1. If you scan the range B:164-191, which residues turn out to be buried (at least 18 other Cβ atoms within 10 Å of the Cβ) and within 17 Å of B:W419 (Cα to Cα)?
2. How many residues are part of a helix (DSSP H, G or I), closer than 15 Å to B:A235 by Cα and in contact (Cβ under 8 Å) with a residue 24 or more places away in the chain when one looks only at the range B:351-389?
3. Does A:F124 count as more than 30 Å from A:K24 (Cα to Cα), surrounded by 10 or more Cβ atoms within 10 Å (Cβ to Cβ), aromatic (F, W, Y) and at pLDDT 90 or above?
4. Does any residue of the range A:87-110 turn out to be modelled with pLDDT under 75 and away from chain B (no Cβ under 14 Å)?
5. Tally the residues that are surrounded by fewer than 19 Cβ atoms within 10 Å (Cβ to Cβ) and either within 20 Å of B:A89 (Cβ to Cβ) or in contact with a strand residue (DSSP E or B) (Cβ under 8 Å, 6 or more places away or on another chain) (or both), restricting the search to the range B:16-31.
6. Please identify the pairs in which a residue from the range B:299-324 that is within 12 Å of chain A (Cβ to nearest Cβ) has its Cβ atom under 7 Å from the Cβ atom of a residue that is in a helix (DSSP H, G or I) and not β-branched (V, I, T), counting only partners at least 6 apart or on another chain.
7. Tell me, yes or no, whether the range B:417-429 has at least one residue that is at pLDDT 90 or above and closer than 30 Å to B:A97 by Cβ.
Amino acid sequence: MRPIDRREPPVGHATPLENINQRKQDAPNIAPLGEVSAEKMERLFGQKTPEPPTPRLDPAPSRTKYKMQRLWLRPMVRGAVRTGVPLVTLLALGTYFLTNDTLRERFTQTLQEARSSIQSRPEFQIELMKINGASEALSKEVRTALNLQFPLNSFELNLEKVKDKVELIEAVKTASLFLRSGGLLEVDIDERMPVVLWRTGRELDMLDANGERTGILTSRLDRLDLPLIAGEAAEEHIDEALELYALAKPIAGRLRGLRRMGMRRWDMILDRGQTIQLPEANAAEALNRVLALNAAQQILARDVVTIDMRDATRPILRLTDVATEIIRVNATNE
Amino acid sequence: MQSLYETQKAMRQKRRAALQRGVVAILDVGTSKIVCMILQFDPSVQMNASAGMGAIANHGSFRVIGVAKTRSRGVKLGEISTMEETERAVRTAVQGAQKMANVRVDHVIACFSGARPRSYGLAGEVEVETGSVTDMDIGRVLASCDTPYFGEGREAIHAMPVNFALDQNPSLSDPRGQIGHLLSVDMHLLTIDTRVLQNLMACVKRCDMELAGVVSSAYASAISSLVEDEQELGAACIDIGGGSTSVSVFLRKHMIFADSVRIGGDHVTSDLSLGLQVPRNTAERIKCIHGGVVATSMDDRDMIDVDGQTGDWDHDRRQFTRSEIIGIIRPRVEEILEEVHHKLQAARFDTLPSQRIVLTGGASQIPGMEGLASRILGQQVRLGRPLRVHGLPQAATGPDYAAPVGLALYAAHPQDECWDFDSPAQRIGAKPMKRAMQWVKENW
């Protein structure tokens, strides 16, 4: 409580504002007479009554608090409370959980529900499949092979299995799968391109440059653009066959195919039953010689059945029976 | 005396145990403040001590790791007057120090200033049994001192062998192992009121701690405030505390006299409170801020507002000159110093080779104290501050901490006391079978 200030009272008329300010200044100096409510004081003097001072608390700790603090300063007690109690609590909770079947079941059930509720969100649904890098026929084949029913949950889709399934298709070299946002399953396919047809019995196998099969044809007419090879183990020497085909461009119109003979050398089959037997080594050189002969003397247009180039030093021609007969008749006539 | 002898011996054991644990608390129960310090002893030095280096090796090996101070309550004139209140204050101090140190302490060495200490100089003489002086001889010579009648309810708190004499050699500090015939000892015995000590013991026990030593604060403040040559050549330490002023006289590094005057700084405060008609808190504040003992003409113009906190405007707006305040303080301080002078005269202080006087304690900080003291007590007066101790916070290095710091030094390097040596009576009592056999041999 402050003592009353005994300054000279203001002389003359005080403005209402001055009056209020004076009252506010004097407010703490005027002690309340009897019980005056706080609101009334506030209304009267325009100022809140000061709160009664709180009695100063004894700084001394109570005996229990003092003993507890001393107990806490024991290293053993502190260690026990800090590590022992949490450890024991955890162990007790764990054992209780493991021994209580209903609790465990409820727990697993809740877990399952939470899991399925997350999985069934639209963000995890696959709506579409897009196939990149494959021809139309191949992508149709991939779609039928996978046989996926959309919409599909991405948690149920095993991308590894799908990839294996796609790569089982012969025309697919490698496949990579991506789950894109917006429910899109993207399949990038590296397709095997057939470069040659290989006749095995009734069917025609399409082979790529490495000799891998990319598909089966029933008719040669389906792929007239591809060269034809035949014979056992012919698929292992496709590059050689293609080289020979490239060389034989001048007689491409007459070329029927290449046949592997005895798994070691090539025969070039032309129409009209003609055959060029090529050696095991330097087949291209031998073919060049035949082509040169053909260019000079139109050897293939004659009645020749076989041009045997297997021995480079001694090319042999076999004529048709008619030609041999004509030669024999001419000789007798002379 | 036997019971206290046993108690002191037991406290010595506890002190040893505490040093082995490496942590000991010291407690200064003063009239105006209670200080608790926690000391940590260096274990490597402890190893030296166990290897036979003795108490000297402990010196300076401790570190203060916790200090707490609280306002003293329930203590009057350096004696516990209200057990409950004092216990609470001790608890506050101990808890604060433990909190700062983060260590629990179980052993406490305490000091207090009251209890009307009285000094006795004793002398004893004994023939050396074997050729050279042994521990047993020292025990015998200490036991041979004839103790005077202390009075009802008084017991010895310190019994220190001050000086040994062996034949013609009058001043030996440690005669053990020396060859001689007649061993004599001068012992300084300090007695106090038993009741006060028992109160302190009960108070410490109620705080869950064990007392590992009791020291008179006259002794404690002297070993921290007197420098080595003062202790050697003769000096008096005057610790002007709150409720009492303790006086101790040192010669040849031993305390030879201790006494206390039951007036202190609190009396100055109450004088001010009475004289100015203000509450004690205000009086204490005025004493600390504006106090002094020598008035100058400047002080006549120095007006000091004195708030009586009564609500009466006239009473609360008084002003005093500083001279008036000094006029209240000075007679009381003079009274204290004159009482001290009487005590020193009774101890024949003027016969000592050097008559240095060291003022310490909280009330010694009044400005002008040194001049006033030199006018009353003698020319060689200085203001003493306690020694610097490792780890002590800056706030606890003032002269008002002389007693706690001295207690810390004492804990690290205690003085040999009478009860450190086995008395012969006790040794015989310990072997009753042997005694019976001896009796049979002599009589049959």
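The values are calculated or read from the model by the stated rules, or taken from the named source; none is laboratory data. Quick caveat: nothing in here was measured; it's all calculated off a predicted structure. All Cβ positions, even for glycine, are placed from backbone atoms using ideal geometry, and neighbour counts span all protein chains on display.
1. Hits for the range B:164-191 are B:F164, B:V185, B:D186, B:M187, B:H188, B:L189, B:L190, B:T191.
2. Of the residues in the range B:351-389, the ones part of a helix (DSSP H, G or I) are B:351, B:362-365, B:369-376.
So of that shortlist, the ones also closer than 15 Å to B:A235 by Cα come out as B:351, B:373-374.
This time we only want the ones that are in contact (Cβ under 8 Å) with a residue 24 or more places away in the chain, so: B:373.
Number of matching residues: 1.
3. For A:F124, the condition - more than 30 Å from A:K24 (Cα to Cα), surrounded by 10 or more Cβ atoms within 10 Å (Cβ to Cβ), aromatic (F, W, Y) and at pLDDT 90 or above - is not met.
4. no
5. The qualifying residues number 3.
6. B:D307/B:D316; B:G308/B:H315; B:G308/B:D316; B:Q309/B:D316; B:T310/B:D316
7. Of the residues in the range B:417-429, the ones at pLDDT 90 or above are none.
There is no residue in the range B:417-429 that is at pLDDT 90 or above and closer than 30 Å to B:A97 by Cβ.
Conditions (1) within 14 Å of chain A (Cβ to nearest Cβ); (2) of a type in the set (F, W, Y); (3) in contact (Cβ under 8 Å) with a residue 12 or more places away in the chain, marked per residue:
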site	(1), (2), (3)
B:V64	no, no, yes
B:G78	no, no, yes
B:A89	yes, no, yes
B:T92	yes, no, yes
B:D106	yes, no, yes
B:Y120	no, yes, yes
B:S132	no, no, yes
B:P148	no, no, yes
